[in-house]
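Each remark here refers to the structure printed beneath this line.
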Amino acid sequence: MGNTKSSALSKELLEELKSNTKYTEAELCTWYQSFLKECPSGKISKQQFEGIYASFFPDANPTAYARHVFRSFDTNADGTLDFKEYIVALHLTSGGKTLQKLEWAFALYDVDGNGTISKNEIQEIYVDAFRLLCVNNLNNEIQYRAEKIWKFFGKKENDKILEGEFIQGVMDNNDILRLIQYDEPQKIKDKLKEKKL
Ligand SMILES: [Ca+2]
Ligand SMILES: [Ca+2]
């Protein structure tokens, strides 16, 4: 039985994922096998990822939001998600407010990746997330939420939020945490888990 090498998770990666997430060795190994079955190349392309979202939300228009999420998970920016990025994604999108999760949330909202969040970027994520959840015509709600976040951080219209102040603000205030999480990531995570990709 020669070909076990390519289908086993390397010890190094296993240790890294065990220490960075809450998952057990058994869970990680099982997921890795299902992952390779679905993605024999060991990588999820952007199109595949969008396809997964489309299958979860058949009545919605999830592509735009799926792209934001893909970008925020593709930490080495090579245009694909490898197993490590995928597992970290599952871990990060579970609720809570550890530093790691808030760094991810910041990356999600920093649409152009320039290291700051503008009010427009917050609105863009909201628009796409609401579209994913099939809630349309929510301009007032989006305005209200963006306004609330902006006010909390004491920002003027064209000011930007830096990563450090974003993380500190969300750590300190559960209302703001709820506003930035809008409980969608948890749903995605449950669906991904159900499917065990
Ligand atoms: Ca990648
Ligand atoms: Ca930005």
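Table for the structure above
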item: Residues (modelled with pLDDT of 90 or more and surrounded by 12 or more Cβ atoms within 10 Å (Cβ to Cβ)) located in region 1-14; result: LEU13, LEU14
item: In region 55-96, residue nearest to the chain's Cα centre (by Cα) [restricted to those that are of a type in the set (Gly, Ala, Ser), over 19 Å from PHE35 (Cβ atoms) and away from ligand 2 (no atom under 16 Å from the Cβ)]; result: GLY95
item: Residue check for GLN143: away from ligand 1 (no atom under 16 Å from the Cβ), within 24 Å of PRO62 (Cα to Cα) and not assigned by TED's automatic domain parsing to the domain that holds ASN20; result: yes
item: Every residue from region 67-94 that is near ligand 1 (Cβ under 7 Å from one of its atoms) and in a helix (DSSP H, G or I); result: GLU85
item: Residues being more than 23 Å from ARG178 (Cα to Cα), of a type outside the set (Asp, Glu) and modelled with pLDDT under 95 - total across region 85-123; result: 2
item: Filtered residue count, region 158-174, keeping only those that are of a type in the set (A, V, I, L, M, F, W, C), part of a helix (DSSP H, G or I) and crowded, with 16+ Cβ neighbours inside 10 Å; result: 3
item: Any hit, region 32-42, residues being surrounded by 15 or more Cβ atoms within 10 Å (Cβ to Cβ), more than 16 Å from ligand 2 (Cβ to nearest atom) and closer than 24 Å to GLY113 by Cα; result: no
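The values are calculated or read from the model by the stated rules, or taken from the named source; none is laboratory data. Since the model is a prediction, treat every value here as computed from it, not as a measurement. For neighbour counting, all protein chains shown are included, and Cβ atoms are generated from backbone atoms with ideal geometry for every residue, glycine included.
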